[in-house]
Amino acid sequence: MRVLMLLLCLNYFQLSAQQKHFPITTFGAKGDGRTNNTAAIQEAIDKAAAAGGGTVVIPAGKFVTGVITLKTGVTLHLSPNAFLLATTSRKDYGPGKASALIVADNQQNIGITGKGTIDGQGELLLKDIFDMLKKGTLKDNEWQHYNEWGQMRPEENNRPMLIAFSNCKNVTVKNVTILNGLCWIQDYISCADMVFDSIKVISNTFLNNDGIDLVDCKNVKLTNSSFDVADDGICLKSHDTAGLCENIYIANCKVRSSASGFKMGTRSMGGFKNITVKNIYVYNTFRSAIAIETVDGGVIENIDISNITAKNTGNAIFLRLGKRQAYREPGSLSKVRISNVKAEIPATKPDAGYNMEGPRELFEHNTFPAGIYGIPGHPIQDVTIENIDITYAEKSKMAVANINVDSLHRIPEAISDYPEFSMFRELPAWGFYVRHASGITFKNVKLSYTGQEFRTACIFDDVNGLKLEKVKINKAASTPLVILNNVKDPVLDDPTLTK
């Protein structure tokens, strides 16, 4: 009798475990690469949610789907050799603003896992979008205007994201590969308690292909992942004046981008606090390896970035405090530590040859230095730059652009401009340019170039409290190696830098 009861209990638990898995083929899905399985996949999700939660299984095969909505307690699991293919018909994403492929709002304990692939099929979808635009069956305000790439670009609202979660809690995205989107690949807004691990994102299909956007998210861990995308690789944003990106840990990732590798502040309304980024490899990236920006009134503080290797990257470090919103006071940028960075800056375009390159500046220029840029009356504060090694493959030419160091006041402030390392146009320093800052420490910083250079290495302009310790510059293209202009209370362990 006791053995029978044990067997019955075992069968019960096995049945319960089976009921927690919901293979989409049970609901009629076909992995033939043609059948639209939206209804079948959504039914599996709905049944799993109704059962109190479960795993919706995408088995091996090619399963086409339109928009699906994840619900509380449900994990979408892609088996090895499973392909979830986005529909290539624009009308399947809705008549107005295009929905993302996988959406969730105000849900908890949800996830996307497994070693399968989500493929946005961006090129085929873009073809359908252009066909609709030419026929006049899709409204769009931008597509007839040529952009920086010489393309006619459909507006963002007509190009679906692949994943968009908002106001969700306890989110896991693990092991999946995500390909070929037409807009931001993953967009997470006001979500909390999130884990991303071992994901791979490859999308150079079109513009706005950010690898991952975390918008006003809290308590996030992103590790062991790779991004090869046509826009920012890992991007933190703040859209809500009452919101924050807070308590975010990013480590052991590899990034290639036709914009910036790691970036925060493209949108910076609320702000960013307690952000840790470490062990990141950035390569073939057009803009900055590290970009920290607040230009919409937001607060940035307690940022720790370390162990960054950047090869063939347009810029190593870019910090910017600006004022883009006329109705708001500038925000603040303080308590930043950037350490253990090794970067190689080429003389040529770092992302040349990729399917979607970043737009070239519309003016001739020499290589841009790393920089820290506040605005008058609103300095960037308490920044430590430590154990930094930046090598520039310089081919600077005085005939291209030459700013006299006696004319620093003529360098534009560009207070309301979009933040980018090239925003000030030509600069009279090749290594570092720091302006409108307070409490700046450089410790064990090595700057070098391998070609030819006529500019001075570093310029500090309007800085209150500057400490330079063990700063080494391998060539004297121009002396002094360091220029101090309107710098109060400087502390230099090597006074010959300024002579």
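Which numbered condition trips up Asn444, out of (1) within 27 Å of the chain's Cα centre (by Cα); (2) more than 30 Å from Arg267 (Cα to Cα); (3) not small (Gly, Ala, Ser)?
The single condition Asn444 does not satisfy is (1).
Where the second residue is part of a strand (DSSP E or B) and among the hydroxyl-bearing types (Ser, Thr, Tyr) and the first is in contact (Cβ under 8 Å) with a residue 40 or more places away in the chain and lies in segment 473-499, which pairs have Cβ atoms under 8 Å and are six or more apart or on separate chains?
Partner pairs satisfying both residue conditions: Ile473/Ser448; Ala477/Tyr449; Ala477/Thr456; Ile483/Thr456.
So, in segment 447-483, exactly how many residues are open to solvent by less than 70 Å² (accessible area, probe 1.4 Å) and either touching a Cys at 6+ places or on another chain (Cβ under 9 Å) or of a type in the set (D, E, K, R) (or both)?
Total meeting the criteria: 12.
Which of the numbered conditions does Ala326 fail, given that it passes all the others? Conditions: (1) modelled with pLDDT of 95 or more; (2) surrounded by fewer than 13 Cβ atoms within 10 Å (Cβ to Cβ).
Of everything listed in (1) modelled with pLDDT of 95 or more; (2) surrounded by fewer than 13 Cβ atoms within 10 Å (Cβ to Cβ), Ala326 misses just condition (1).
Conditions (1) within 17 Å of Val74 (Cβ to Cβ); (2) touching a Gly at 6+ places or on another chain (Cβ under 8 Å); (3) in a helix (DSSP H, G or I); (4) modelled with pLDDT of 95 or more, marked per residue:
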{"site": "Leu4", "(1), (2), (3), (4)": "no, no, yes, no"}
{"site": "Ser16", "(1), (2), (3), (4)": "yes, no, yes, no"}
{"site": "Thr26", "(1), (2), (3), (4)": "yes, no, yes, yes"}
{"site": "Ala44", "(1), (2), (3), (4)": "yes, no, yes, yes"}
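So which residues in segment 192-222 are β-branched (Val, Ile, Thr) and open to solvent by less than 10 Å² (accessible area, probe 1.4 Å), if there are any at all?
Scanning segment 192-222 gives Ile199, Val201, Ile212, Val215, Val220.
Filter segment 269-289 for residues that are under 13 Å from the mean Cα position of the chain (by Cα) and within 17 Å of Thr223 (Cα to Cα) and give the result.
Once the filter is applied, which keeps residues that are under 13 Å from the mean Cα position of the chain (by Cα) and within 17 Å of Thr223 (Cα to Cα), segment 269-289 yields Val277, Ile280, Val282.
Six or more apart or on different chains, Cβ atoms under 7 Å: show the pairs whose first residue is in segment 409-438 and under 22 Å from Pro359 (Cβ atoms) and whose second is open to solvent by less than 10 Å² (accessible area, probe 1.4 Å) and outside any loop (DSSP other than H, G, I, E, B).
Note: pairs meeting the criteria are Pro419/Gly265; Pro419/Glu293; Pro419/Arg320; Phe421/Ser288; Phe421/Asn315; Phe421/Phe318; Phe421/Gly371; Leu427/Tyr433.
Would you point out which residue out of Thr38, Thr55 is modelled with pLDDT of 95 or more, among the hydroxyl-bearing types (Ser, Thr, Tyr), open to solvent by less than 40 Å² (accessible area, probe 1.4 Å) and in contact with a Gly (Cβ under 6 Å, 6 or more places away or on another chain)?
Thr38
Could you tell me whether segment 124-143 includes any residue that is outside any helix (DSSP H, G or I), open to solvent by less than 50 Å² (accessible area, probe 1.4 Å) and under 22 Å from Ile202 (Cβ atoms)?
No, segment 124-143 contains no residue that is outside any helix (DSSP H, G or I), open to solvent by less than 50 Å² (accessible area, probe 1.4 Å) and under 22 Å from Ile202 (Cβ atoms).
Look at segment 309-323 and say how many of its residues are open to solvent by 20 Å² or more (accessible area, probe 1.4 Å) and over 17 Å from the mean Cα position of the chain (by Cα).
So the count comes out to 3.
Is it true that Leu76 is touching a helix residue (DSSP H, G or I) at 6+ places or on another chain (Cβ under 8 Å) and part of a strand (DSSP E or B)?
yes
Here are some residues: Asn387, Asn402. Which one is open to solvent by 50 Å² or more (accessible area, probe 1.4 Å) and either in a strand (DSSP E or B) or touching a Cys at 6+ places or on another chain (Cβ under 9 Å) (or both)?
Asn387
Looking at Ile375, Ile338 in this structure, which one is of a type in the set (A, V, I, L, M) and touching a Pro at 6+ places or on another chain (Cβ under 8 Å)?
Of Ile375, Ile338, the one residue that is of a type in the set (A, V, I, L, M) and touching a Pro at 6+ places or on another chain (Cβ under 8 Å) is Ile375.
Would you mention how many residues in segment 74-103 are among the aromatic types (Phe, Trp, Tyr) and open to solvent by 30 Å² or more (accessible area, probe 1.4 Å)?
1
Could you please find all residues in segment 329-363 being buried (at least 16 other Cβ atoms within 10 Å of the Cβ) and among the β-branched types (Val, Ile, Thr)?
Residues satisfying the conditions are Val336, Ile338, Val341, Ile345.
Name the pairs: first residue in segment 223-244 and closer than 17 Å to Asn315 by Cβ, second residue β-branched (Val, Ile, Thr), Cβ to Cβ under 6 Å, at least 6 apart or on different chains?
Gly233/Val255; Ile234/Ile212
Anything in segment 367-382 that is among the aliphatic types (A, V, I, L, M) and surrounded by fewer than 24 Cβ atoms within 10 Å (Cβ to Cβ)? List them, or say none.
Across segment 367-382, the qualifying residue is only Ile375.
Here is a yes/no grid of residues against (1) touching a helix residue (DSSP H, G or I) at 6+ places or on another chain (Cβ under 7 Å); (2) on the phi < 0 side of the Ramachandran plot; (3) without any contact (Cβ under 8 Å) to a residue 24 or more places away in the chain:
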| residue | (1), (2), (3) |
| --- | --- |
| Pro80 | no, yes, no |
| Ser99 | yes, yes, no |
| Ile118 | no, yes, no |
| Lys135 | no, yes, yes |
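Quick check on Thr496: is it out of contact with any Cys (no Cβ under 9 Å at 6 or more places or on another chain), open to solvent by 50 Å² or more (accessible area, probe 1.4 Å) and part of a helix (DSSP H, G or I)?
Against the criterion (out of contact with any Cys (no Cβ under 9 Å at 6 or more places or on another chain), open to solvent by 50 Å² or more (accessible area, probe 1.4 Å) and part of a helix (DSSP H, G or I)), Thr496 qualifies.
Give segment 284-308 a look and list any residue that's open to solvent by 50 Å² or more (accessible area, probe 1.4 Å) and over 13 Å from Tyr249 (Cβ atoms), or say none.
Asn307 - this is the single residue of segment 284-308 that is open to solvent by 50 Å² or more (accessible area, probe 1.4 Å) and over 13 Å from Tyr249 (Cβ atoms).
The values are calculated or read from the model by the stated rules, or taken from the named source; none is laboratory data. These numbers come from a predicted model, not from an experiment. Please note: Cβ atoms are built from the backbone with ideal geometry, for glycine as well, and neighbour counts cover all protein chains shown. Calculation scope for accessible area: heavy atoms of the full protein, side chains included, ligands and nucleic acids excluded. Shrake-Rupley method; radii C 1.70, N 1.55, O 1.52, S 1.80 Å.
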